[in-house]
Amino acid sequence: MCGLLFLFPHTRKAASFLLFPCIFLCSAHISHLPAVYLPTHPVHFTCQYEEKLSHNSHTVSANQHYFCLESSHTFTPGDSLKFTARFSSIHIRNHSGLFNYNHYLQQKGVYTRVQALDSIHISGHAHTLYYYFSRFRSQFIQKTERIFEDTLSSSLIKALCLGYKEHLSSSTRDLFAETGTMHLLAVSGLHTGAIWLLLTYLFKLTGFKRQQSYLFLLPVLWAYASITGLSPSVVRAAYILTFITLSHALNRDYNALNAIAASALFALIINPNALYSVGMQMSYAAYSGIVGITPFLRKLIPSSPRLSVPICVTLSAQIATFPLSAYYFHTVSLNSFLVNLIAIPLTTLLLYAGIFVLLLPSCISCYLICPVQLLCEALKYSLTTFNKINIQVNHLYPTEIHILLLYSLLFFICLYLRKRRRNCLLLILLLSTTLCGYSCLHNYFLPKKEGIVVFHFYSHSCILLNQDGYGFLLKNTLNPLPEEHLTPYMQRHKLQFMPAVHGILHPQMFYDGKLLNCTDDSIYIIDKQNIQPKEGIWIVTDNTYPRQLQTSSTSSPRLVILDGSCRPHCVRQWEILCQKRQIQLRTSWQEGDIHLSLHSKKRQNKMLK
């Protein structure tokens, strides 16, 4: 269709806008692999090791499908593994406000978890280019451990130069996280851009012509990206720098925003699921903010370019990523840009010094570690000093509409500063009024929501009632109470915690310990002691089987909810019963935290009217 539209002059502009969504949809369709057949019994499994995800979690591949393997062994990318395996599907469970690891796996194309039932044997190696770069990385890691005696310098060099963060202590991670400089530990666009600038300067010193230097620059840049593990952030930065380098090599004029957009399109063609990645959203927001906001800030900060450029670049990235930081991490550091003004130059010098030491022979580099150690100590001291005066805004829970309005407002502010059009100013005023009005309405109606939350905890029960700004804990078998799981939900909905007492919780709601009686519905919390429920909603806990309470004369519910205390065999029995009697069934094993809204008949009638 786009090809036909390009034939007519009047429709070429519309065809150019349709071309990019068509390419993205085609790539999404092509990249969608058929479902994997999961055998119910253990089988002999042969796969290839791909990468390490976390401490004991790995990615393996077989027949173009990816699997998550849980093992404490150490493997090298390209190893061929053989073992007896049992397979299980990975379900995305809702965890109120917490990091969803299963969702992270599915973004990487992993939909199945594999469990090794016996010892894992390494039967061979895949001699690919990525495998050889992984060997180089392992050799550099071993060399770093031999050269540096103190753990701080060794762990920082491995994290900054090689992208290996396994040996970082928890105190070091917390220090970077609390000061808003966690992005410095992960090899990302900052590190790749610094390497690109260093390579450009070195090629100029060698006397190469400009065109020849750009031809040698790309292989070295992608070799560095491969040695650091080809993390998504490095690959994204390498895409952008590749387009910029090619424009220089071909003597073409380029626009930085076009290079960012082209790299994003190329990354999404290869992996459409990356669109929902937090890292990709944060990276391209920062890149776009640096390109779009920095020119205006430089006009507002009249100073020498060497001083104003780092300040404007850091502040632009912070402004562009502020809405996403509030949405995903629920906190914003107000002085992180001041910390980055000191931490980024120190990190860049440490990156250059670490690479220089690693490339030299060990007999020479062992005498040059003192400057590297001093830079590590200076970086830690500066972060520790700023951490004492750290200012953060916590408990931020914006909605998707807040994020859309904020980025729209930011876009039209930049457009007005560039074009100086009156229409843009009117749109800015309209968006600001809409944002303020929506925020007021959201904060007004948020505490008025009514609902029950059945939290998912393995072998335990936790049921919370959300009623008029109060959170009543109806049932809880956890001791102590998991504040890290309940607190995000309480803060997001602005609830005040209250113990659930027997009696009237609301003029239209009564609770007696097992039954929550509303005006139009009855909700039974069923355990092994409550065996006489009636019609309504049943929340089954304590691994209660249907045969323990279900008789031919017992009324059937309209909805059955099983929490995490019900084991798989119990869940299967309820599935058989609900399927036989055509009863709706929801389980926290598949959904995670289950949110059940409560609407009275009066409210439903008003909504219908």
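The values are calculated or read from the model by the stated rules, or taken from the named source; none is laboratory data. Since the structure is predicted, the reported quantities are computational estimates derived from the model, not experimental observations. Using ideal geometry, Cβ is built from the backbone for each residue, glycine included, and neighbour counts are taken over all protein chains shown. For the accessible areas, the whole protein counts, side chains as well, though only heavy atoms, and no ligand, DNA or RNA atoms are used. Shrake-Rupley method; radii C 1.70, N 1.55, O 1.52, S 1.80 Å.
Placing +1 on the Cβ of every Lys and Arg and -1 on the Cβ of every Asp and Glu, with no other charges, gives the range 70-126 a dipole of roughly 180 debye about its Cα centre. Relative to the longest principal axis of the Cα atoms of the chain, helix 129-147 runs at roughly 80 degrees. Taken about its Cα centre, the chain carries a charge dipole of roughly 1820 debye when the Cβ of each Lys and Arg holds +1 and the Cβ of each Asp and Glu holds -1. Using heavy atoms of the protein chains and a probe of 1.4 Å, the accessible area assigned to Ile525 is about 10 Å².
Using the structure shown, list the pairs from Lys52/Lys158; Lys52/Lys380; Lys514/Lys580 with a Cα-Cα distance above 23 Å, or answer none. As for pairs spanning more than 23 Å Cα to Cα, those are Lys52/Lys380; Lys514/Lys580. Each DSSP beta bridge with both residues in the chain is either parallel or antiparallel, and the antiparallel ones are about 70%. Ordered from highest to lowest accessible area with the whole protein assembly present and a 1.4 Å probe, Trp589, Trp222, Trp574 read as Trp222, Trp589, Trp574. Convex hull of alpha carbon positions in the range 116-250: directionally averaged projected area 11.7 nm². With respect to the chain, whose longest principal axis is taken over its alpha-carbon atoms, helix 568-581 is tilted by about 60°.
Could you look at the range 151-203 and say what percent of its accessible area is carbon and sulfur, using a 1.4 Å probe and all protein chains?
Working: 1240 of 1940 Å².
Of the solvent-accessible surface of the range 151-203, carbon and sulfur hold 64 percent.
Remark on the range 234-279: Rg and Dmax equal 11.3, 35 Å (Cα only).
Label zone of Leu198 (point 7 Å out along Cα→Cβ, amide N under 18 Å): in the range 159-174 this covers 159-165.
Computed on protein heavy atoms with a 1.4 Å probe, the accessible areas place Arg422, Arg492, Arg12 in the order Arg422, Arg12, Arg492, largest first. Computed from the Cα positions only, the extents of the range 39-180 along the three principal axes stand at 49, 43, 25 Å, in decreasing order. Size of the range 262-392 from its Cα atoms: along the principal axes, largest to smallest, the extents are 46, 40, 31 Å.
Taking each DSSP H run with n ≥ 4 as -39500 (n - 2.57) and averaging over every residue of the chain yields -17000 deg cm²/dmol at 222 nm. The eigenvalues of the Cα gyration tensor, multiplied by 5 and square-rooted, give the range 139-203 an equivalent ellipsoid with semi-axes of 22, 18, 8 Å from largest to smallest. Potential lengthening of the chain between Ser382 and Leu425 amounts to 11.3 nm, from the contour at 0.36 nm per residue minus the alpha-carbon distance. Once C-alpha pairs closer than 8 Å and six or more residues apart are averaged by separation and normalised to the residue number of the chain, the relative contact order reads 10 percent. Rolling a 1.4 Å probe across all protein chains gives Thr384 an accessible area of roughly 50 Å².
Based on protein heavy atoms only, the chain ends up with 55 Å² per residue of surface accessible to a 1.4 Å probe. Using a 1.4 Å probe over the heavy atoms of the protein chains, calculate the carbon and sulfur portion of the accessible area of the range 362-442 as a whole percent. Within the range 362-442, the accessible surface is 69 percent carbon and sulfur. Does the range 135-174 classify as rounded, prolate or oblate by the C-alpha gyration tensor (a ≥ b ≥ c root eigenvalues; a/c under 1.5 gives rounded; else a/b over b/c gives prolate, otherwise oblate)? Oblate, because a/c is 1.5 or more while a/b does not exceed b/c. Can you give me the angle between helix 256-270 and the longest principal axis of the chain, using Cα atoms only, in degrees from 0 to 90, rounded to the nearest 10? Taking the Cα atoms of the chain, the angle to 256-270 is about 50 degrees. Shape descriptor for the range 329-370: Rg over Rh equals 1.27 (Cα atoms; Rh from the Kirkwood inverse mean 1/r).
Placing dummy labels 7 Å off each Cα toward the beta-carbon, the span from Asn258 to Ile301 is 2.9 nm.
Ratio of alpha-carbon Rg to the 2.2 N^0.38 Å globular estimate for the range 331-456, to two decimals, please.
Rounded to two decimals, the normalised Rg is 1.75.
Using only the Cα atoms of the chain, each taken as one equal point scatterer with no solvent, compute I(q) by the Debye sum, divide by I(0), and report log10 of the ratio at q = 0.06, 0.12 Å⁻¹. Values, matching the q order: -0.43, -1.45. Suppose R0 equals 45 Å; then what is the FRET efficiency for Ala62 and Asn394 from their Cβ-Cβ distance, rounded to the nearest 0.05? So, using R0 = 45 Å, E works out to roughly 0.55. Can you compute the label reach from Ser89? Point 7 Å from Cα along the Cβ direction, backbone N cut-off under 14 Å, restricted to the range 562-597. Hits in the range 562-597 for Ser89 at 14 Å: 587, 589-592. Distance between the 7 Å Cα→Cβ label points at Phe329 and Ser459: 3.5 nm.
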